[in-house]
Structures are given as structure tokens and as C-alpha cells.
Amino acid sequence: GYTLKPLDIVLIRTGRDAFYNAPDYIFKGCGVSVEATRRLYEKGVRVMGIDAWGWDAPLNLQAAEALKAQQPGILWAAHQVDLPYAQIERLVNLESLPPFGFKVACFPLKIKGGSAGPARVVAILPE
């Protein structure tokens with residue numbers, strides 16, 4: 001096992017990157033809940049990544065839940081936790097990494113006035 005430490009980076013492997021070119025890629029998969037996002041933040045995690053299309057559940061699933069519940073705050077809920085942390089989405093090859101013990105470097109493309117953009121994300125493995 002492993003115990004999270006403050007400033008650890010958490011990368012969640014769902015396996016959805018294997019379906020990146022599939023026509024239904026954005027409609028299937030899972031996301032991270034508001035509760036899990038807050039819990040990671042409470043543990044001191046400030047950078048969180050996932051190999052799925054986004055941090056939240058697929059939009060079609062969010063929309064169905066929003067229509068059913070008829071209450072605000074369901075769409076993009078984990079994005080809107082209003083906590084200062086960074087999300088990295090659409091990661092690939094997480095299955096080739098060990099469960100822990102490596103460093104992560106992220107090189108985002110700067111976009112003036114943007115709140116998101118593409119990035120090169122690199123794992124640095126110990127020798």
C-alpha cells in the first residue's frame with residue numbers, strides 16, 4: 001500500500017486511453033466525483049490527472065443525471081469544486097508506470113487568457 005502525502009501527484013488509470021480513436025470515446029467511461037476530488041485535495045494533492053476524456057463523467061451521463069435530478073451543480077461538478085488544483089486529462093500509457101515512486105513533469109502550451117490547453121506530460125522514473 002501507499003499513503004498519500006501532501007503535494008503528491010495522483011494519476012488515475014481507467015484504461016479509456018485505449019479507446020481514444022473509437023467513435024464512442026467521449027460517451028463511455030467514468031469520471032471522478034466531487035467527493036473524491038475534495039478528498040484528494042484534503043490529503044494535500046494539488047495536481048490530479050486521468051487517462052479518460054475528462055475529469056468528470058462523460059457529458060451524456062452528466063446530462064442524463066441533471067435531467068433526472070432537476071437540480072443545479074450536476075454538470076461539470078468535479079470541475080466546479082472551487083479548489084485551487086490542476087487537472088490533467090487524456091493522459092496515455094499510465095499502465096506502463098509503477099503505482100508510485102516516479103516524478104511527473106508537465107509542459108503546458110501557454111494560451112493567453114486561456115484556462116486550459118494541451119500539454120506534454122512526462123513521467124520520470126527512478127534509475
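What follows draws every value from the coordinates through simple rules; no lab data is involved. Remember, it's a predicted structure, so these values are computed and weren't measured experimentally. So basically every Cβ, Gly included, is an ideal-geometry build from the backbone, and we count neighbours across all protein chains shown.
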Suppose we filter the stretch 5-35 for residues that are among the aliphatic types (A, V, I, L, M) and exposed (fewer than 15 other Cβ atoms within 10 Å of the Cβ); how many remain? 3
Selected residue (only one of VAL81, VAL104 is of a type in the set (Val, Ile, Thr) and assigned to a strand (DSSP E or B)): VAL104
When the stretch 93-125 is checked residue by residue, the ones that are farther than 17 Å from ASP17 by Cα, among the basic types (Lys, Arg) and either touching a residue at least 60 places away in the same chain (Cβ under 8 Å) or touching a Pro at 6+ places or on another chain (Cβ under 9 Å) (or both) are LYS103
May I ask you to verify whether GLY49 is touching a residue at least 40 places away in the same chain (Cβ under 8 Å), at positive phi and not charged (D, E, K, R)? no
Per the filter on the stretch 34-75, residues within 21 Å of TYR2 (Cβ to Cβ) and assigned to a loop (DSSP other than H, G, I, E, B) are LYS43, GLY44, VAL45, ARG46, ASP51
